[in-house]
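Notes follow once the structure below has been shown.
The values are calculated or read from the model by the stated rules, or taken from the named source; none is laboratory data. The structure displayed is predicted, hence computed values, not measured ones. Here the Cβ positions follow ideal geometry from the backbone for every residue, glycine too, while neighbour counts run over all protein chains shown. Heavy atoms of the whole protein, side chains included, go into the accessibility calculation; ligands, DNA and RNA do not. Shrake-Rupley method; radii C 1.70, N 1.55, O 1.52, S 1.80 Å.
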Amino acid sequence: MIRKATLLAALLALTVVATAPGAAATRSAEASRQTVAVSISSISPPVPTAQTDVIKFTGTLRNDSGAPQSGLRVRLRYTPQKLADRANMAAYQGDQNPATLPGIGSQSSFMDIPALAAGAQARWEFTATPIQLGYRSFGVYPVAVEVIQNGLQVMTQRTYLTYAPPTVPKLPRNKLAIALPVIDQPHRGTDRDAKSGAPLFVDDKLSQSITGKGRLADLARIAQSAPKSVTWFVEPSLLDDLDAMKNKYLVKVKGKDETQEKPANPEAATWLTTMRTALASSPVVAVPYADPDVAALAHQGLDTQTGQAIELGRQKAAALLQREVKTNINWPPAGMLDADALDLLSVSKDRVDTVLLNSTNLPPQPPVPFTPDAAGTLDSVNGPVTALVADAELSKLFEPAAPTSVLLSTQRFIAETAMIAAEAGQTSPRSIVVAPSRRWDPNPTLVNALLKTAKKLPWLQLAPLESIKPTKLAVPRAGLTYTDQDRKEELTAKYLAPVKDVASKAQLTSLITEAKTPSSFDAAVLRLTSSAWRNSTRAGRAVTKLVSAAVTDQTDKIQITGSGPNRTRTLAGSNGVVPISVKNELGVPIALYIDVTSNNPELLQVNFPQDEPMKIGPRQSGMVQVQMNAAPGTSGDASVTVQLKTSDGRLYGKPQRLTIRTTGYTGIASVIVGAALTVMLAAVVMRVLRRRSERKLAHAAKTRENENV
């Protein structure tokens with residue numbers, strides 16, 4: 001049993017802490033040459049609730065130095081002084097100064113370790129009760145395990161122990177909403193290859209991600225065991241990509257202008273089925289299709305894409321998960337947006353009325369010494385929008401920046417949430433939101449342990465994200481804080497300029513059809529706006545060029561035939577008609593207008609009113625007769641420009657130039673023709689008279705012959 005600190009222990013503590021600087025530097029150098037790792041394997045129970053509870057601390061000490069080590073001792077350090085607030089907790093965790101470690105404790109908090117061979121490890125264990133540790137009231141207490149070698153500190157491991165006896169009054173039970181993202185980056189270029197009809201992928205990374213220890217495979221494991229109150233943010237283009245992989249698909253060969261055919265991937269179907277089943281009873285929010293960079297779209301004039309992405313996202317997610325999904329909650333890239341992006345979301349057809357934000361995007365104003373309620377209210381052009389602010393420290397525990405043990409993360413989670421519950425001045429439950437980064441790479445063991453712990457803690461109540469609403473507990477906030485650096489993180493105008501051009505051309509492929517069917521490039525264009533390209537614009541530009549080429553190939557399937565500067569049409573006279581033919585190689589009917597403009601109005605005028613669009617069937621041609629009038633007394637070549645237009649007047653394709661050759665038949669030509677006719681008529685009359693004269697002479701000769709006989 002641990003007893004009160006003895007004089008020897010106190011002397012040892014003084015030896016460790018109050019050492020001359022030169023000696024401390026020497027010991028530090030010696031310790032740096034040692035590689036001994038200490039770990040805490042378990043603290044049981046993790047939350048003692050009575051002074052007589054026996055707490056067992058266990059762990060291991062491993063010799064990684066490559067040489068035998070001796071003179072090792074492990075000791076438990078603790079203090080009856082609880083931490084004051086979350087700021088003190090963070091400071092304690094990040095402090096590497098041995099002088100700030102908790103007190104040493106009694107003789108029974110020491111354990112000597114026999115000599116360790118290279119690579120060997122030894123188990124250590126301590127037991128104590130809260131009363132022996134000096135704990136008297138509810139709170140979070142610092143605990144550390146220290147390794148000493150020959151009286152010199154080698155390393156330490158810091159953690160927390162939360163003591164939770166019954167309190168009067170009872171602690172409020174705060175609502176905890178956990179949002180977990182299933183968001184990836186786009187992997188497809190076009191939905192259908194022009195030649196094979198198969199979907200064209202720009203890489204095959206999803207094949208590795210959905211199997212084994214892949215990121216998406218880990219997410220599926222978490223989904224299968226997570227509490228049903230956890231809210232999942234699912235990116236529909238990811239589901240769409242995996243659905244496309246259920247059949248054969250093409251993958252572009254990196255650095256080459258060729259593709260490789262891949263067989264249907266059964267793992268894609270399995271992953272989709274697993275997620276569909278796992279999320280059947282959980283709250284699911286569909287991220288806008290392809291997770292567009294909404295702030296960048298708002299700033300660069302691509303306003304319509306956000307609404308399209310929300311609507312398409314809802315349709316795809318609902319179809320592939322076979323259930324209704326929410327789209328009224330938006331989780332922007334990095335949890336950051338500004339007023340322009342908020343307005344754009346609020347006016348979309350599927351109106352966004354809630355946003356999930358990073359704590360730096362909506363800080364309290366003035367700063368407060370406690371954890372503010374997660375919910376607040378923002379004003380948009382379309383009315384109030386609920387803002388849910390994620391707790392930074394709790395969110396990091398679900399996605400630690402460096403490898404850490406599950407136990408240490410769990411103990412920190414317990415301590416953080418307990419400290420929030422015990423903060424001074426709290427009289428009623430508050431709301432807390434946890435949200436790791438949107439493209440996280442989770443540790444399923446860690447995440448499942450944290451979720452399991454959250455369900456058990458008496459000062460927490462797990463709740464769906466949508467249940468978190470602003471209350472009277474809301475603190476004043478500074479408004480959306482969006483810095484110049486945040487603006488620099490967006491997709492740039494240089495990146496989005498060709499995307500805007502592709503989007504405009506892709507829209508024409510819909511408007512030119514008679515039924516105005518949705519463009520087959522809608523999804524591909526939205527994938528070009530993905531926030532995933534923020535950190536890989538080169539890859540995004542490559543996909544943009546791929547989609548642009550496919551759109552151009554599609555628009556070129558409707559063309560004016562027989563056009564070009566070397567193709568001359570003849571106008572036989574001062575006026576006449578010139579046929580213009582349009583060929584439709586698409587598999588659907590089209591409706592269009594043909595605009596014909598003279599480039600030489602002083603020589604040639606065009607008269608072609610078109611009240612109704614010309615309709616052309618699939619893989620057929622259509623023709624119009626265009627009335628043209630040449631100026632009197634002229635002949636030679638003139639030109640006209642022919643431009644196809646959609647039914648709503650938008651230009652379709654490039655304008656084509658036709659050369660018109662006029663023959664110049666004027667009044668003189670009429671005289672010449674008239675004279676020719678007169679001469680011809682005179683010749684006919686002379687021939688008739690001559691034949692009559694010949695017949696009369698023949699008759700007279702015959703009469704004379706008869707008389708002579």
(message) Under the 0.36 nm per residue contour assumption, what length would be gained going from the current alpha-carbon distance of N150 and V368 to full extension?
(response) 73.8 nm
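On the protein heavy atoms, probe 1.4 angstrom, tell me the percent of accessible surface of segment 513-611 carried by carbon and sulfur. Kindly include the intermediate steps, with their values, before the conclusion.
Values: 2230 of 4700 Å².
Answer for segment 513-611 is 47 percent, counting heavy atoms of protein chains only.
Sort the following peptides by mean Cβ neighbour count (other Cβ atoms within 10 Å, averaged over residues), highest first: 500-508, 585-593, 154-162, 89-97.
Working: 500-508: 19.2, 585-593: 16.9, 154-162: 21.0, 89-97: 12.6.
Going from most to least packed, we get 154-162, 500-508, 585-593, 89-97.
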(request) Run down the lysines and flag those whose C-alpha is under 21 Å from the C-alpha of K252, throwing out any fewer than 8 positions away in its chain. (result) K195, K205, K262, K545
(message) How far apart, in nanometres, would the label points at Q224 and E258 be if each is projected 7 angstrom from Cα along the Cα-to-Cβ direction?
(response) 4.0 nm
(message) What's the ranking of 473-481, 144-152 by average number of surrounding C-beta atoms within 10 Å, highest first?
(response) 144-152, 473-481
(request) About the Cα centre of the chain, how large is the charge dipole given +1 on each Lys and Arg Cβ and -1 on each Asp and Glu Cβ? Please answer in debye to the nearest 20. (result) 1260 debye
(request) Subtracting the Cα-Cα distance from 0.36 nm times the residue separation, let me have the gained length for R541 to S196 in nm, one decimal. (result) 121.8 nm
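About the Cα centre, and with charges only on the beta carbon of Lys, Arg (+1) and Asp, Glu (-1), how big is the dipole of segment 304-416? Nearest 20 debye, please.
Rounded to the nearest 20 debye, it is 420 debye.
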(request) Have a look at V294, A91, L528 and report the one farthest towards the positive end of the charge dipole of the chain, computed about the Cα centre with Cβ charges (Lys/Arg +1, Asp/Glu -1). (result) L528
(request) Pairs to check: K82/K456; K175/K326; K254/K316; K254/K396; K254/K494. Give those whose C-alpha atoms are more than 27 Å from each other in this structure. (result) K254/K316; K254/K396
(request) Starting from the Cα-Cα distance between K516 and A497, subtract it from 0.36 nm times their residue separation and give me the gain in nm to one decimal. (result) 4.3 nm
(message) Around P400, under 14 Å between beta carbons, what's the net of Lys plus Arg minus Asp minus Glu among the other residues?
(response) -2
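Taking only the alpha-carbon atoms of segment 269-346, what semi-axes of the equivalent ellipsoid follow from 5 times the gyration tensor eigenvalues under a square root, in whole Å, largest first?
Equivalent ellipsoid semi-axes, largest first: 27, 12, 10 Å.
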(request) Rank by packing, highest mean first: peptides 117-129, 536-548, with packing defined as the count of other Cβ atoms within 10 Å averaged across residues. (result) 536-548, 117-129
(request) Please report Rg over Rh for the chain, where both radii come from the alpha carbon positions and Rh follows the Kirkwood definition. (result) 1.30
(message) Within 10 Å, Cβ to Cβ, of I558, how many net charges do the neighbouring residues add up to if Lys/Arg are +1 and Asp/Glu are -1?
(response) 0
(message) Defining a contact as two alpha carbons under 8 Å apart and six or more residues distant in sequence, what relative contact order in percent does the chain show?
(response) 11 percent
(message) Please give the charge dipole size of segment 466-597, origin at the Cα centre, charges +1 on K and R Cβ atoms and -1 on D and E Cβ atoms. Round to the nearest 20 debye.
(response) 340 debye
(request) Give the ranking of R173, R439 by solvent-accessible surface, highest area first, calculated with a 1.4 Å probe. (result) R173, R439
(request) Among DSSP beta bridges lying fully in the chain, give the percent that are antiparallel, nearest 5. (result) 75 percent
